[in-house]
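Derivation of every value follows stated rules applied to the coordinates shown; laboratory data play no part. These figures come from a predicted structure and were not determined experimentally. Neighbour counts run over all protein chains shown; Cβ positions are idealised from the backbone, glycine included.
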Amino acid sequence: MKTVKVVAAIIRDGNKIFATQRGYGEFKDGWEFPGGKVEKGETPKEALAREIKEELDVEIIVGERLGCVEYDYPAFHLSMDCYWAEICSGNLVLKEHEAARWLSWEELDSVDWLPADLEVVEKIKA
């Protein structure tokens, strides 16, 4: 089974966390933390800053690592490094997602998270 190495941003603004809804692919309509694949020669933090700029048109400050989620989907193994992040410039523009929401801690269970991202939600709540 092939492993897909990705990074995800848990973007915070006060007591709210930014969640995005996939607009394409096998997991369309599922909710996730924004991010994407790490390219050859990039550090995870560099990849995350690039992906967020590409997907959401904002610059972020990548903070501390929350952890790594290892999850087996039917067709591949996902290895996802998750980092806390804050927006430092720009206005959020959804370029690849069909929807997005700022969720308070109490609202984290109100969207249909993708399985790997659900593990991240549990870590955040802990």
Reviewing (1) 42, 35, 23; (2) 39, 34, 28; (3) 142, 40, 13, the figure for Cα extents along the principal axes in Å actually calculated from this model sits under (2)
Links exceeding 22 Å between C-alpha atoms in this model, out of Lys2/Lys125; Lys2/Lys123; Lys5/Lys123; Lys16/Lys123; Lys2/Lys53, come to Lys2/Lys125; Lys2/Lys123; Lys2/Lys53
If each part is reduced to its alpha-carbon centroid, the stretch 1-22 and the stretch 59-126 end up apart, in Å, by 2 Å
The exposure ranking of Ile87, Ile60, Ile11, fewest beta-carbon neighbours within 10 Å first, is Ile87, Ile60, Ile11
Counting only DSSP beta bridges with both partners in the chain, the antiparallel fraction in percent, to the nearest 5, comes to 70 percent
